[in-house]
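A quick write-up on the structure given underneath.
Derivation of every value follows stated rules applied to the coordinates shown; laboratory data play no part. Not measured: the values here are computed from a predicted model. All Cβ positions, glycine included, derive from the backbone under ideal geometry; neighbour counts span all protein chains shown.
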Amino acid sequence: MSARIGIVGVGHTRFGNSSEYDLADVMAYAATDALIDAGILEKRREVDQVIVGNMASGLFCNQTSVASSLVSRMDMEPVPAELVENGPASGASAVKVGYMAIASGMADVALVVGGEIMRKVSGWRATDVVATMLHTEAEYAMGLTLPSFGGMFARLYMERYGCTERDLALIAVKDHANGALNKYAHVQTPCTIEAIADSATAHVVNNYVAEPLRIYSTCPVTDGAAALVLANMDSPKAKLFKQKPVRIAGVASATDTHCVHNRRDPLYLDAVRIAGEKAYAMAGVGPKDISFAELHDAFVILELAISEELGLFERGKAYLAVREGATAINGRLPINPSGGLKAKGHPVGATGVSQIVELARQLRGEVEPGRQVKDPKYGMAVNFGGFGNNVVATICAKD
Amino acid sequence: MAIDPIEAKLRPPALPITPYPAKMITLANGEIMVVREAKREEVGVLLGTVYPLIGVPADYYDIVAARMYEELLGWYRYRTANEFVLVGAIDGVIAGIVTSRSVSPKLGMSLHTLTIKRGLRVGAQLFAAKMEDHIEFQGADEVWIVAESPNGWRRWMIEYELEDRSHLYPDVRHELGGVPTFALTRKLWDAVKASKCTGVRPVPPAILATASKLKMPNEYPQIPGFKR
């Protein structure tokens with residue numbers, strides 16, 4: 001990997017309810033934003049490759065071939081375009097494929113766009129669509145959904161390590177505090193520990209979704225898109241860009257058993273650990289070098305488990321770090337300064353790209369006051385496909 | 001006060017309405033919402049709160065607001081029998097309104113739920129309070145319910161697992177008409193109330209005093225840039 005590959009443009013829609021819009025239009029909005037940021041909107045045919053991350057537009061929107069639609073919306077023909085699908089990790093997988101396209105020498109500039117419109121269908125239908133990534137006979141046919149897996153995972157974690165429902169609520173409070181400051185976040189309302197855990201009315205205000213997970217332990221159903229312009233910084237095209245690049249220092253993925261019950265321990269997320277180790281090795285850094293992280297907290301329990309697999313905290317101890325405020329924006333290792341999936345939202349195909357947009361904006365030092373990580377050097381993102389069976393880890397650096 | 005004889009004939013017969021004791025709920029963002037009965041003399045501030053939403057087609061706010069406007073007038077001017085109005089107020093500012101009425105001592109007819117403040121389950125809490133009022137305080141055995149918006153359908157028909165009575169049409173038909181009638185029975189209520197309905201009583205006097213002076217909202221998330 002001799003090429004220096006950088007992020008030279010970022011784009012993002014306001015996450016939330018965009019169900020009255022066409023998916024390709026929403027992705028085009030983010031893509032345009034990224035091309036403007038890179039300074040190449042008028043020269044957009046300098047892009048050598050368009051890559052789209054999307055999980056299930058065929059099921060959510062009755063719409064397929066969205067990469068082709070996007071190129072046409074953007075008036076970018078004949079630039080080649082392909083779709084990458086890896087469940088809720090489609091976005092980060094698309095970034096990885098963009099990286100590979102440049103590293104291979106087939107492209108110097110890649111436009112990577114992740115997008116999903118989930119709210120054209122009911123929340124129940126959206127949950128069902130997402131559940132189609134589970135094993136058809138062993139899991140889906142038994143009625144399992146992602147929230148039910150999250151609930152069982154949380155229950156086991158709590159019993160084994162002593163974490164409580166209140167600890168999960170503390171993560172939500174932290175994430176919502178960050179999301180309230182993020183202009184792109186779906187939920188921009190802070191919540192208090194008193195209201196969602198301690199008060200006499202908390203059990204209804206913060207009701208169960210999949211016990212012990214409650215509404216404030218679970219991400220909302222969200223629409224939105226995010227985009228990145230990636231470039232080989234050693235190519236002649238590097239001079240086209242107005243932004244100083246944020247370098248992609250490491251990107252790696254790993255898989256695990258499709259069926260969760262086949263794993264050596266249901267709480268061990270081996271794909272996270274292996275992807276993280278490979279990304280660290282590629283970047284030449286370790287957990288202690290990470291300034292902040294964007295972790296896939298579709299259920300807040302995953303923020304704890306993923307941070308432990310990455311070596312950011314000792315196994316079974318991450319909730320204690322949350323109690324101490326270590327993961328808050330002014331803590332020693334801020335996690336999910338964007339608000340995470342919990343508050344920023346989780347449009348499944350967009351999430352991985354959105355996480356890396358956040359890494360780039362944080363490393364550029366340009367996020368909103370109050371949620372800017374102090375002097376960050378390395379940011380790390382983990383995008384979690386399936387229930388941890390196909391995971392992408394990305395490390396970005398400020399050079 | 002003497003009532004004109006023709007006016008007296010026009011007014012519907014009235015069932016006694018059992019008072020609904022005020023309660024308070026700590027919303028997720030820490031704000032305290034007081035849920036209480038609206039008073040007749042507050043109809044002006046209620047109408048002024050509802051009116052701007054008549055022009056908002058998204059999520060059927062226009063239909064719900066227009067119908068609620070009529071229901072508030074009907075309540076105030078004695079053209080709707082046995083109606084009650086509950087209001088949710090945060091620091092006195094109206095966050096949501098529900099309307100309903102008793103058809104008979106044993107049957108409630110849920111009218112409308114209008115949420116102004118979004119994202120904090122204000123509507124869910126107010127709808128639950130309305131059902132609580134019907135079944136726990138008015139003594140109804142069931143409440144008939146319809147939904148005009150998809151959000152309403154998700155909140156009430158699915159979350160409460162309401163009984164579908166649409167196959168009994170026209171013998172069972174909600175007064176709002178046009179949409180299928182569902183029912184919340186006492187048995188269903190008993191099954192869900194612990195997880196759906198909450199509130200602390202009594203409300204401390206200082207908080208109740210603030211909630212006693214209702215104010216129209218100055219911001220509507222449904223109407224960006226709204227100015228009163």
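For the range A:114-212, trypsin sites (Lys or Arg not before Pro) are listed when DSSP marks them as loop and at most 13 other Cβ atoms sit within 10 Å of their Cβ; the list is A:Lys183. Loop only by DSSP, 16 or fewer other Cβ within 10 Å of the Cβ. Give me the GluC sites (Glu not before Pro) in the range A:265-370 that pass, ordered by residue number. Loop-located and lightly packed - A:Glu314, A:Glu366. Computed from backbone phi, the HN-Hα couplings of the range B:140-154 come to 5, 8, 7, 10, 8, 9, 10, 10, 9, 10, x, 4, x, 4, 5 Hz, rounded to whole numbers (Karplus: 6.51 cos²θ - 1.76 cosθ + 1.60, θ = phi - 60°; Gly and Pro given as x).
For the residues B:Ala206, B:Ala65, B:Ala124, a GNM of chain B with alpha-carbon springs under 10 Å puts the largest fluctuation on B:Ala206. Each Lys and Arg contributes +1 and each Asp and Glu -1, all at the Cβ; summed about the Cα centre of the range A:1-108, the dipole is approximately 280 debye. Within the shell defined by Cβ-Cβ distances under 9 Å, the residues around B:Gly88 carry a net charge of +2, with Lys and Arg each +1 and Asp and Glu each -1. The spacing between the range B:193-228 and the range B:1-50, judged by their C-alpha centroids, is 14 Å. Of A:Pro236, A:Pro212, A:Pro287, the residue with the greatest mean-square motion in the GNM of chain A, using alpha carbon springs below 10 Å, is A:Pro236.
Considering Cα pairs under 8 angstrom that are at least six residues apart, work out the relative contact order of chain B and quote it in whole percent. Before the final figure, lay out the partial values.
Numbers: 397 pairs, mean separation 49.6, N = 228.
The value is 22 percent.
Indicate, rounded to the nearest 5 percent, the antiparallel portion of the DSSP beta bridges found entirely in the protein assembly as shown. If I count the DSSP bridges inside the protein assembly as shown, around 80 percent turn out antiparallel.
Close amide H contacts of A:Lys377 (hydrogens built in the peptide plane, cut-off under 5 Å, sequence separation of 5 or more or a different chain): A:Ser291. Close amide H pairs (under 5 Å, H built 1.01 Å from N) link A:His346 with A:Thr222, residues at least 5 positions away or on another chain. The spacing between the range B:173-191 and the range A:283-318, judged by their C-alpha centroids, is 48 Å. Residue by residue along B:27-34, Cβ atoms of other protein chains within 10 Å of the local Cβ number 6 on average. Between helix A:270-283 and chain A there is an angle of about 40 degrees, using the helix long axis and the longest principal axis of the Cα atoms. The sum of -39500 (n - 2.57) across all DSSP H runs of n ≥ 4, divided by the residue count of the protein assembly as shown, sets its helix-only mean residue ellipticity at 222 nm to -9500 deg cm²/dmol.
Here is the list for the range B:101-204: GluC sites (Glu not before Pro) lying in DSSP coil, each with at most 14 other C-beta atoms within 10 angstrom of its C-beta, are B:Glu161, B:Glu175.
Straight-line reach from A:Lys183: taking Cα to Cα under 24 Å and skipping same-chain neighbours fewer than 8 places apart, the lysines in range are A:Lys120, A:Lys174, A:Lys242, A:Lys244, A:Lys342, A:Lys344, A:Lys374, A:Lys377, A:Lys398, B:Lys117, B:Lys227. Ranking A:Leu267, A:Ser217, A:Tyr184 by Cα position along the charge dipole of the range A:166-272, where only Lys, Arg, Asp and Glu carry charges on their C-beta atoms, puts A:Tyr184 farthest toward the positive end. Mean-square fluctuations from a GNM of chain B, with a 10 angstrom spring cutoff on Cα atoms, peak among B:Pro205, B:Pro13, B:Pro57 at B:Pro205.
What size of dipole, in debye to the nearest 20, comes out for the protein assembly as shown about its Cα centre when the only charges are +1 on Lys and Arg C-beta atoms and -1 on Asp and Glu C-beta atoms?
Computed about the Cα centre, the dipole is about 1180 debye.
The Cα-based radius of gyration of the range B:23-134, divided by its Kirkwood radius, gives an Rg/Rh of 0.95.
If you take the Cα centroid of the range A:372-393 and the Cα centroid of the range A:162-188, the two points sit 17 Å apart.
Net charge of the neighbourhood of B:Gly74, taken over other residues with C-beta under 13 Å away and scored Lys/Arg +1, Asp/Glu -1, is +2.
Give the calculated FRET efficiency between A:Asp75 and A:Asp234 to the nearest 0.05, with a Förster radius of 45 Å applied to their Cβ-Cβ distance. Intermediate results must be reported in sequence, preceding the final value.
Numbers: r = 29 Å, r/R0 = 0.64.
E between A:Asp75 and A:Asp234, to the nearest 0.05, is 0.95.
A Cβ-based charge dipole, computed about the Cα centre of chain B with Lys and Arg at +1 and Asp and Glu at -1, lands at about 420 debye.
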